[in-house]
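See structure below.
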Amino acid sequence: MKAITVAAPKWMGAGLLGLMLASTAQADHHGMAKADIVDTAIEAGQFSTLVAAVKAADLVDTLKGEGPFTVFAPTDEAFAALPEGTVDTLLMPENQDQLQAVLTYHVVPGKIMAEDAMAASSATTVQGQDLTITTMDGKVMINDATVTAADVKASNGVIHVIDSVLMPE
């Protein structure tokens, strides 16, 4: 078995490097990730709130679809940092449209790898509004969220882990 050495860029949190390694470990012999975006998020173990929201918003089939998609995925800690009651309110069935808007604001059509994102200044989301992309001091920012792990490959796209929830206007 060949050893794999992974060096994390300065802007990537070392603690989340494991997410990338888990994604690499589930690759088949052609180097392609086998799990889709939803299953990759479930397996990572730090996106239970995001996965619950995707289910409540009835977006599971979409994010398991062909894609490709780029998902800026907030961690459970990012959701926990929202004002008290925000997540519970969004998860209510009567707020499904609002929840869908928030979640699709985290999704960009196509597969945007970190190198491409760093060269861009914005990206249009599935929700319809643009995200601002900036790179400063070795950190990539999506609006006010910092990318803490990048290029987590899935069979139908890529996940970039972010440290806060993006809210559309």
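The values are calculated or read from the model by the stated rules, or taken from the named source; none is laboratory data. Here the structure is a predicted model, which is why all the values come from computation and not from measurement. All Cβ positions, glycine included, derive from the backbone under ideal geometry; neighbour counts span all protein chains shown.
Things worth noting here:
- Taken over the range 41-74, residues that are more than 22 Å from residue 153 (Cα to Cα) and surrounded by fewer than 16 Cβ atoms within 10 Å (Cβ to Cβ) amount to 1.
- In the range 102-123, residue surrounded by the fewest Cβ atoms within 10 Å (Cβ to Cβ) [restricted to those that are more than 15 Å from the chain's Cα centre (by Cα) and touching a residue at least 12 places away in the same chain (Cβ under 8 Å)]: 121
- Among (1) touching a Leu at 6+ places or on another chain (Cβ under 8 Å); (2) assigned to a helix (DSSP H, G or I); (3) closer than 14 Å to residue 160 by Cα, the one test that residue 73 misses: (2)
- Among the residues of the range 77-114, the one identified as in contact with a strand residue (DSSP E or B) (Cβ under 6 Å, 6 or more places away or on another chain) and closer than 13 Å to residue 164 by Cα is 106.
- Selection status of residue 77, exposed (fewer than 14 other Cβ atoms within 10 Å of the Cβ), over 18 Å from the mean Cα position of the chain (by Cα) and at pLDDT 95 or above: no
- Pairs meeting the criteria (first residue in the range 49-61 and under 20 Å from residue 164 (Cα atoms) and touching a residue at least 24 places away in the same chain (Cβ under 8 Å), second residue surrounded by fewer than 18 Cβ atoms within 10 Å (Cβ to Cβ) and among the acidic types (Asp, Glu), beta carbons under 7 Å, at least 6 apart or on different chains) are 49/76.
- Candidate set: the range 126-155, residues that are touching a helix residue (DSSP H, G or I) at 6+ places or on another chain (Cβ under 6 Å) and among the polar types (S, T, N, Q); chosen: the one surrounded by the fewest Cβ atoms within 10 Å (Cβ to Cβ): 135
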